[in-house]
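> Starting off with a structure, shown below.
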Amino acid sequence: MVLIYSNNKKLTLEMIAKGRELADEQDGEVIVAMIDEKDENLANEYISHGADKVFLVESGVENFKAEEYTDIMANMVNDVESGPVLIGSNKYGKELASRLAAKLSTGCVIDCTDIYMEDGELTVERMVYNGNAISVERFSGRPGIITVPSKLFDPLKKDEGRSGEVIEKSYDVSSSYSNIAGIEEMPSEGVDVEAANIIVSCGRGFKNREDLHLAEELADALKGKVIGCSRPISADLKWLSEDHWIGLSGHKVKPSLYFAIGISGQIQHIAGIRDSGIIVAINKDPNALIFDSADYGIVGDLYEVLPKLTDAIKKEMD
Amino acid sequence: MNIIVCAKQVVDVREIKIDKQTNKPILKGIGKTISDIDKNAVEEAIKLKEENKDTKVTVLSVAPFDAREQVKELLAMGADEAVLVSPPEEFDYNTVSTLLAKAIEKIGDYDLILCGEASVDLFSGQMGPRIAGLLDIPQITYARAMSIEGDKVRAERDLTDKAVKMESTFPVLITVTKEINKPRLPSLMGILGAASKPIIEWDGSDLLEERMEPGIKSVDLRGVSMERKNVVYGEDPEEGVRKLVISLGKEGLLG
């Protein structure tokens, strides 16, 4: 059995594809857990994309809480004697997977970059040491809990003829004494840095929020249009919403061209841009770490360099 | 109030190089440090101690006893005492979190457990939720702000798409993000004072009822080198811009 859970539909579809492959190797089934979303249509959509069973479960809490959701998942793992458990790797999924692994006293791999069977054992790869190495890890026991980032696997094609079962399940949940006192949507500008082909990214070298227009103008000239940023610009200063944030705890990007402007090059930022094609750095400090990770760099004041670069690129692109 | 902060000694990831012959990262001989987000957790504990009388801050780490020097820095920041638990030869997240939970139970009287959201070397973020699960207490992860009011802790979680305000009575485990504060540098007084603060050493195998088999084993570690051209134009900006545009054109990236 392969058990799958995420509160994100796209991620669930992607994990079903991988789950199908793992299940087929062991003549097992793919079971998708839908917690607190009584949606038969969505359940049937999961089936037409490769799931065998969908369990509809109610937690008794109004919104996602790791404690209660862990109880449900632990019961379900025992109920179906699950082998691999694939959980969507957003912040909800990561804290759920880790607590679940503790409750079941088992191994857990966060943010895998690949999953396969080798020597009959569930094997997983993940990035470690800030992207300097890939660790290949093998589970020796059951269940193996893995969190899967988005866009790692492609969903299977829809097959309307596939049949499966949608089953309502109920499990004992002990309620935790923590409470949600309020939920606010975070500001988002709907930017998808992970899909962008050209990114112009801003760091602490910018003195004021208003000055970011210099980066926007370069992005416009490149017809790239996507602005990224390092941690301080989004998380500390809140000049840009978190969908712009690139780095280990932000988004990992792989554009063909990446501009790091006024970004010092902290290791966590580098980890987020390692898979970029060409990296260009502009920084007034010749010793800035970012130059070690760049293909091309200009040492200079971004306030002087950027307008010149934007002009030159406009001319070149015409 | 008793606060326990879990801190991890890590290799300084900035120093890691890849051995070109074996294609493995070279981890021996690299400097060790306390994972930086764990220092945010220590800072938060010290701030709470300053605001709330009769608060004790204990730093807990599963580490070889050679981590004494690193842990001293946390005592110099203002923590009251440290407990080091030696790990067995083979261990995984399950083993380490079990050791931390057993050590917390042995310390006994605890109200608040603080951790960093993840360690900078492996960046899994498993420890906080695992410890909370083992102790069967609530977990509040990714806290970017927190405060204590009476018998309650309030925290604001950053979940990327949502900001979630939480409250809980004690005991509770909270993991913090880098944004929650700016860790202080130890003062000279702090450094001098740290010399007389206790660092207690426990043998991990004494805390476990039986030997724990790791549920997961690393079977390979492959270096990923990032070769970059490192062409830097340092002359006047005009000239730098001109050369950069030519280079990007040659790469086929313009137009």
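The values are calculated or read from the model by the stated rules, or taken from the named source; none is laboratory data. In this text, all values refer to a predicted model and were calculated from it rather than measured experimentally. Backbone-built Cβ (ideal geometry, glycine too); neighbour counts: all protein chains shown. The area values use the complete protein model at the heavy-atom level, side chains included, leaving out ligands, DNA and RNA. Shrake-Rupley method; radii C 1.70, N 1.55, O 1.52, S 1.80 Å.
> In region A:41-74, what residues are in contact with an Asp or Glu (Cβ under 6 Å, 6 or more places away or on another chain) and under 20 Å from A:Gly107 (Cα atoms)?
Correct list: A:Ala66 only.
> A further question follows. Which of the numbered conditions does B:Thr22 fail, given that it passes all the others? Conditions: (1) in a helix (DSSP H, G or I); (2) open to solvent by 40 Å² or more (accessible area, probe 1.4 Å); (3) β-branched (Val, Ile, Thr).
B:Thr22 satisfies all of (1) in a helix (DSSP H, G or I); (2) open to solvent by 40 Å² or more (accessible area, probe 1.4 Å); (3) β-branched (Val, Ile, Thr) except (1).
> On to the next question. With within 22 Å of B:Lys17 (Cα to Cα) and aliphatic (A, V, I, L, M) as the only criterion, which of A:Leu257, A:Leu302, A:Leu289 stands out?
On the way: A:Leu257 fails: within 22 Å of B:Lys17 (Cα to Cα); A:Leu302 fails: within 22 Å of B:Lys17 (Cα to Cα).
None of the others qualify; the one that does is A:Leu289.
> Here's a check for you: in region A:15-41, which residue that is touching a strand residue (DSSP E or B) at 6+ places or on another chain (Cβ under 7 Å) and open to solvent by 10 Å² or more (accessible area, probe 1.4 Å) is farthest from A:Glu95 (Cα to Cα)?
If we filter region A:15-41 for residues that are touching a strand residue (DSSP E or B) at 6+ places or on another chain (Cβ under 7 Å), which is where we start, we get A:15-16, A:18-20, A:22-23, A:25, A:28-35, A:38, A:40.
Among the residues that remain, those that are also open to solvent by 10 Å² or more (accessible area, probe 1.4 Å) are: A:18, A:20, A:25, A:28-29, A:38, A:40.
Working: A:Lys18: 21, A:Arg20: 24, A:Glu25: 29, A:Gly28: 27, A:Glu29: 25, A:Lys38: 23, A:Glu40: 27 Å.
Out of the qualifying residues, it is A:Glu25.
> Looking at region B:227-255, I want the residues that are more than 7 Å from chain A (Cβ to nearest Cβ) and have a partner that is open to solvent by 60 Å² or more (accessible area, probe 1.4 Å) and part of a loop (DSSP other than H, G, I, E, B) with Cβ atoms under 9 Å, at least 6 apart or on another chain. Which pairs are those?
From region B:227-255, the pairs are B:Lys243/B:Glu235.
> Consider A:Val128 against the criteria (1) in contact (Cβ under 8 Å) with a residue 12 or more places away in the chain; (2) of a type in the set (A, V, I, L, M, F, W, C); (3) open to solvent by less than 30 Å² (accessible area, probe 1.4 Å): it satisfies all of them except one. Which criterion is unmet?
Going through the list (1) in contact (Cβ under 8 Å) with a residue 12 or more places away in the chain; (2) of a type in the set (A, V, I, L, M, F, W, C); (3) open to solvent by less than 30 Å² (accessible area, probe 1.4 Å), A:Val128 breaks only (1).
> Return yes when B:Ile113 is part of a strand (DSSP E or B), under 22 Å from the mean Cα position of the chain (by Cα) and farther than 30 Å from A:Glu118 by Cα and no when it is not.
Details: part of a strand (DSSP E or B): yes; under 22 Å from the mean Cα position of the chain (by Cα): yes; farther than 30 Å from A:Glu118 by Cα: yes.
Yes.
> Here's another thing I want to ask about it. Would you confirm whether any residue within region B:62-76 is among the basic types (Lys, Arg) and not in a helix (DSSP H, G or I)?
Quick first cut of region B:62-76, residues among the basic types (Lys, Arg) only: B:68, B:72.
Next, from what is left, pick out any that are not in a helix (DSSP H, G or I): none.
No, there is no match, as no residue in region B:62-76 is among the basic types (Lys, Arg) and not in a helix (DSSP H, G or I).
> Let me ask something else about it. Looking for whichever is among the charged types (D, E, K, R) and part of a helix (DSSP H, G or I) here; the options are B:Asp38, B:Asp54. Which one fits?
Sole residue among the options that is among the charged types (D, E, K, R) and part of a helix (DSSP H, G or I): B:Asp38.
> A follow-up question, please. If A:Ser59 meets every condition in (1) under 20 Å from A:Tyr177 (Cα atoms); (2) free of Cβ contacts under 8 Å to residues at least 60 places away in the same chain; (3) not aliphatic (A, V, I, L, M) apart from one, which number is that one?
Result: A:Ser59 passes all but (2).
> Tell me, please, whether a residue that is open to solvent by 10 Å² or more (accessible area, probe 1.4 Å), free of Cβ contacts under 8 Å to residues at least 12 places away in the same chain and of a type in the set (Asp, Glu) can be found in region B:98-120.
No, because not a single residue in region B:98-120 is open to solvent by 10 Å² or more (accessible area, probe 1.4 Å), free of Cβ contacts under 8 Å to residues at least 12 places away in the same chain and of a type in the set (Asp, Glu).
> Mind checking which residues of region A:81-96 are touching a residue at least 40 places away in the same chain (Cβ under 8 Å) and buried (at least 20 other Cβ atoms within 10 Å of the Cβ)?
Within region A:81-96, the subset touching a residue at least 40 places away in the same chain (Cβ under 8 Å) is A:81-90, A:92-94, A:96.
Scanning region A:81-96 gives A:Ser82, A:Pro84, A:Val85, A:Leu86, A:Ile87, A:Gly88, A:Ser89, A:Tyr92, A:Gly93, A:Lys94, A:Leu96.
> Now for a different question. Look at B:Lys162 and say whether it is within 25 Å of A:Leu240 (Cα to Cα) and open to solvent by 70 Å² or more (accessible area, probe 1.4 Å).
For B:Lys162, the condition - within 25 Å of A:Leu240 (Cα to Cα) and open to solvent by 70 Å² or more (accessible area, probe 1.4 Å) - is not met.
> Right, another one. List, please: which pairs have Cβ atoms under 8 Å, are six or more places apart or on different chains, and start with a residue in region A:178-190 that is at the interface with chain B (Cβ under 7 Å from one of its Cβ atoms) and end with one that is part of a loop (DSSP other than H, G, I, E, B) and open to solvent by 100 Å² or more (accessible area, probe 1.4 Å)?
Qualifying pairs under 8 Å: A:Ile180/A:Glu62.
> Hey, can you tell me all the residues within region A:238-277 that are touching a strand residue (DSSP E or B) at 6+ places or on another chain (Cβ under 9 Å), more than 10 Å from every other protein chain (Cβ to nearest Cβ) and open to solvent by 30 Å² or more (accessible area, probe 1.4 Å)?
Once the filter is applied, which keeps residues that are touching a strand residue (DSSP E or B) at 6+ places or on another chain (Cβ under 9 Å), more than 10 Å from every other protein chain (Cβ to nearest Cβ) and open to solvent by 30 Å² or more (accessible area, probe 1.4 Å), region A:238-277 yields A:Trp239, A:Lys252, A:Ser264.
> How many residues are in a strand (DSSP E or B), at the interface with another protein chain (Cβ under 7 Å from one of its Cβ atoms) and within 28 Å of the chain's Cα centre (by Cα) if we restrict to region A:281-309? Break it down into steps so the answer makes sense when it comes.
Of all residues in region A:281-309, those in a strand (DSSP E or B) come to A:281-283, A:296-299.
Of the ones still in play, those that are also at the interface with another protein chain (Cβ under 7 Å from one of its Cβ atoms) are A:296-299.
Next cut, within 28 Å of the chain's Cα centre (by Cα) only: none.
The qualifying residues number 0.
> Residue check, B:Asp136 against (1) open to solvent by 10 Å² or more (accessible area, probe 1.4 Å); (2) out of contact with any Ser or Thr (no Cβ under 6 Å at 6 or more places or on another chain); (3) over 22 Å from B:Glu167 (Cβ atoms), all met but one. Which one?
Single failed check for B:Asp136: (3).
> Can you pull out the residues in region B:4-19 that are assigned to a loop (DSSP other than H, G, I, E, B) and crowded, with 18+ Cβ neighbours inside 10 Å? Can you show your working first?
Just the residues of region B:4-19 that are assigned to a loop (DSSP other than H, G, I, E, B), to begin with: B:7-8, B:12, B:16.
B:Ala7, B:Lys8, B:Ile16, listed by residue number.
> For region A:226-243, how many residues meet the condition of being in contact with a Pro (Cβ under 6 Å, 6 or more places away or on another chain) and either in a helix (DSSP H, G or I) or under 20 Å from A:Gly265 (Cβ atoms) (or both)? It would help to see each step written out before you state the result.
The initial filter retains those residues of region A:226-243 that are in contact with a Pro (Cβ under 6 Å, 6 or more places away or on another chain), namely A:241.
From the residues that got through so far, the ones that are either in a helix (DSSP H, G or I) or under 20 Å from A:Gly265 (Cβ atoms) (or both) too are none.
Qualifying residue count for the region: 0.
> Across region A:97-122, what is the number of residues that are of a type in the set (S, T, N, Q), open to solvent by 40 Å² or more (accessible area, probe 1.4 Å) and more than 19 Å from the chain's Cα centre (by Cα)? Reasoning before the result, please.
Within region A:97-122, the first condition is being of a type in the set (S, T, N, Q), and the residues that meet it are A:98, A:105-106, A:113.
So of that shortlist, the ones also open to solvent by 40 Å² or more (accessible area, probe 1.4 Å) come out as A:105, A:113.
Right, trim to more than 19 Å from the chain's Cα centre (by Cα) and you get A:105.
Total satisfying the criteria: 1.
> Are any residues in region A:190-202 crowded, with 22+ Cβ neighbours inside 10 Å and in contact with a Leu (Cβ under 9 Å, 6 or more places away or on another chain), and if so, which ones?
A:Ile199, A:Val200, A:Cys202
> Across region B:141-198, what is the number of residues that are part of a helix (DSSP H, G or I), away from chain A (no Cβ under 11 Å) and without any contact (Cβ under 8 Å) to a residue 60 or more places away in the chain? Walk me through it before giving the result.
Taking region B:141-198 as the starting set, the residues that turn out to be part of a helix (DSSP H, G or I) are B:178-180, B:188-194.
Among the residues that remain, those that are also away from chain A (no Cβ under 11 Å) are: B:188-194.
Those left that are additionally without any contact (Cβ under 8 Å) to a residue 60 or more places away in the chain: B:188-189, B:192.
So the count comes out to 3.
> Also, quick follow-up: Quick one: how many residues across region A:64-78 are more than 12 Å from A:Ser170 (Cα to Cα) and either in contact with a helix residue (DSSP H, G or I) (Cβ under 6 Å, 6 or more places away or on another chain) or more than 8 Å from chain B (Cβ to nearest Cβ) (or both)?
Step one: filter region A:64-78 for residues more than 12 Å from A:Ser170 (Cα to Cα), giving A:64-70, A:74, A:77-78.
Now narrow it down to the ones that are either in contact with a helix residue (DSSP H, G or I) (Cβ under 6 Å, 6 or more places away or on another chain) or more than 8 Å from chain B (Cβ to nearest Cβ) (or both): A:64-66, A:68-70, A:74, A:77-78.
Total satisfying the criteria: 9.
> Could you please find all residues in region A:218-241 being within 19 Å of the chain's Cα centre (by Cα) and at pLDDT below 90?
A:Val226, A:Ala235
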